[in-house]
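Scroll down for the structure; my scribbles are underneath it.
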Amino acid sequence: MRPQAFTLRPQFDALINVLEPDEPVAEVAMGCVFDDTERENSLRGFLRAVREATATGVIALTPRRLIHVPRRLPSSPTRVQWYRDVIDVKSRTGNSLLLVLMRCNVQINISAPGKASETALTYIKDRIGP
């Protein structure tokens, strides 16, 4: 009996369903996204954030937004973050970024391996301006 291989086909199908017909994808990486405030507000939120962080999915950068399709489909929804709602993006220790949003006390943590996080940092900073 062969071990079941991890396939990204459901994630790419879900990504295609979210994209607009004229929306190009600039970068695609494996990674995870979770809301830091969920983690800080309660033990349940913390455990959910840890569980989601271990479930690496597909992160796509387009000219207008970041799209994260989690590995656990359909139980975890696709997350869309518009750059117009981002105040700042910061590099964190490890291979992660922190998006600071306009809504008070809401931060999105993005973890992507190696150069993917550096590429995402530059790309997002270019979109949100100085």
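What follows is calculated from the coordinates using simple rules that are stated; it is not laboratory data. Not measured: the values here are computed from a predicted model. Cβ coordinates were reconstructed from backbone atoms using ideal geometry, including for glycine residues, and neighbour counts include every protein chain displayed.
Search the structure for amide H atoms under 5 Å from the amide H of residue 25, placed 1.01 Å from N in the peptide plane, and list their residues when 5 or more places away or on another chain.
none
At 7 Å along the Cα-to-beta-carbon direction for both residue 26 and residue 90, put a label point, then send me their distance in nm to one decimal.
2.2
Applying a 10 Å radius around every beta-carbon, put 57-68, 108-119 in order of their mean neighbour count, most first.
57-68, 108-119
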